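For reference, the structure is listed below as structure tokens.
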Amino acid sequence: MTEKLYGLPLCHDIVAGMNTHAKNLLLEAELGAERSIGYVRCAVGLSISFFFFIVVVPTLEQDNPALNLAPYFVFVSAGYFAIGCVTLYVVRSNSFRTWMTWLFTTMDIVFWWSLLVATVKIIDLPWSQIIIVPPVLLAFAILALVALRNNPKLQVFALIFVVMALISLYFLAADPITPQMDNALGTVGFFDTPLNIVRLLMVALTGGILFFLAVRTRALLNRAIEETTRRTKLAQFLPAQLAEQLSTAEQAELLKGKLQSAAVLFVDVRGFTAMSEGLAPGSLGEFLSTYRKIVTAQVHGHNGIIDKFIGDSVMAVFGAPDASADDAHNALKCSIAILESIDSWNAKRGRMSLKKVKVGIGIHAGEVFSGAVGDESRLEFTVLGDTVNVAARLEQATKEFGCRLVVSEVVLEKSGFDVDREEAWKPLGNYEVRGRAEKLAIFGCP
């Protein structure tokens with residue numbers, strides 16, 4: 001089954017290219033997330049040591065069992081910092097692989113769980129009061145770190161692992177607290193099993209929310225990558241302005257095509273064949289690049305699109321895919337701007353003792369067929385019809401009449417010019433266009 005892009009059939013090579021591009025972008029996003037997580041791990045490792053030894057330890061009595069946790073805090077903080085450094089190294093050295101996110105997440109949880117086990121063993125807390133131990137709150141930090149990766153499967157894995165780690169403490173903690181102890185502590189009912197189950201569910205709920213966040217963010221990321229890839233691939237077939245419009249609506253109409261009004265402009269370099277024979281390949285390429293940049297800039301600047309380049313010949317369309325009353329006027333202004341730009345270019349070429357560039361431009365306006373033509377291996381947006389043929393003939397007529405610009409009377413009328421009063425335009429009579437029954441009134445501009 002042929003896959004489609006905006007309603008247009010695509011060959012398998014293009015689809016494969018799109019999939020590869022999407023995978024590369026996703027991998028780039030994962031690398032960015034993993035790099036950020038590496039910095040967070042380093043910061044967390046340093047923070048654990050700082051707050052325990054600088055903030056907590058000075059406030060404790062000498063016989064406080066919490067002081068026995070010092071070696072374990074050093075172990076966990078150093079472990080977190082080391083994992084962070086390893087993460088940054090593999091990312092920067094291009095050694096990162098997607099399976100490493102699972103390994104690093106597992107190591108995060110194992111270090112956290114080790115600190116919890118050491119806490120409940122050394123302080124000799126019953127399971128019901130584990131919730132008061134500060135390291136328990138790191139569960140939320142671990143789940144939040146996983147959420148940065150936008151990987152729903154990894155989020156579920158981490159959530160299950162964290163919940164099971166908390167439950168496992170039940171079998172490692174001291175004997176359950178007795179009602180007498182509970183009364184003595186003044187916390188009657190606060191650490192009862194139902195409330196502890198609620199606390200455990202709150203951890204699970206946080207993980208669940210982060211899971212749905214990861215799903216949503218991943219979907220948005222995939223959609224953004226898909227849209228960007230589609231626009232990039234579509235731009236290979238279509239002018240950039242048209243590809244941008246087709247990314248939102250009316251894609252099917254492009255393949256079907258339509259009849260519409262438009263102005264068509266052809267521009268060609270005079271004596272290009274003889275000029276190219278005397279140029280080295282590098283100089284010829286530089287010449288064509290500069291020439292095309294000049295024409296493209298003016299066409300785009302006057303709301304037109306480049307239909308095609310054929311050597312030194314350029315075909316531009318004004319009014320595709322949507323016609324407007326200013327199309328002919330824009331085409332005419334564009335032609336004058338091109339001639340002025342060529343004059344400026346010639347001034348620079350003259351200072352370098354290079355031969356001046358001469359161009360001829362022909363413009364006609366009327367009805368055209370616009371749409372995508374081609375097959376699965378290649379699609380191309382173009383305009384076809386008598387208007388295109390006439391514009392091409394008028395460009396050739398510039399040689400015959402010795403004018404740089406030849407336009408049809410239709411173009412001047414639609415542009416708002418009074419051909420009887422406009423001295424800048426020289427009437428060239430009724431021109432017989434080859435392949436056309438009716439003659440056409442044309443005008444020239446030196």
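Readers should treat all values here as calculations from the given coordinates under stated rules, not as data from a laboratory. Quantities reported herein were computed from a predicted structural model and do not represent experimental measurements. Note that we place each Cβ from the backbone using ideal geometry, even for glycine, and neighbour counts take in every protein chain shown.
Provide the net charge surrounding Lys358, with neighbours chosen by a C-beta distance below 15 Å and charges set as Lys +1, Arg +1, Asp -1, Glu -1.
Once positives and negatives cancel, what remains is 0.
What distance in nm separates the two pseudo spin-label positions at Val373 and Ser95, each 7 Å out from Cα along the beta-carbon direction?
5.7
Among 398-409, 133-144, how do they line up by average Cβ neighbours within 10 Å per residue, starting with the highest?
Top of the packing list down: 398-409, 133-144.
Using 0.36 nm times the number of residues separating Glu432 and Ile167, minus their current alpha carbon distance, what extension gain do you get?
Between Glu432 and Ile167, full extension yields an extra 86.1 nm.
May I ask which of Lys333/Lys414; Lys258/Lys333; Lys356/Lys399 have a Cα-Cα span longer than 19 Å here?
Lys258/Lys333
Under a Cβ-Cβ cut-off of 13 Å, what is the net charge of the residues other than His329 that fall near it, where Lys and Arg count +1 and Asp and Glu count -1?
Within the 13 Å Cβ shell, the charges total -1.
Which order do the peptides 82-93, 146-157 take when ranked by the mean count of other beta-carbon atoms within 10 Å per residue, highest first?
My ranking of the peptides, most packed first, is 146-157, 82-93.
Cβ neighbours within 10 Å, averaged per peptide: list 315-321, 434-440 in order, most packed at the top.
Per-residue Cβ counts within 10 Å, averaged per peptide and sorted highest first, yield 315-321, 434-440.
Note down the nm distance, to one decimal, between modelled labels 7 Å out along Cα→Cβ at Ala280 and at Val74.
Each label point lies 7 Å from its Cα, and together they span 7.0 nm.
Reachable lysines from Lys153, Cα under 27 Å, same-chain residues fewer than 8 places away excluded?
Filter leaves Lys23.
Using only the alpha carbons of region 256-373, determine the length spanned along each of the three principal axes and report them from longest to shortest in whole angstroms.
Largest first, region 256-373 extends 47, 28, 18 Å along its Cα principal axes.
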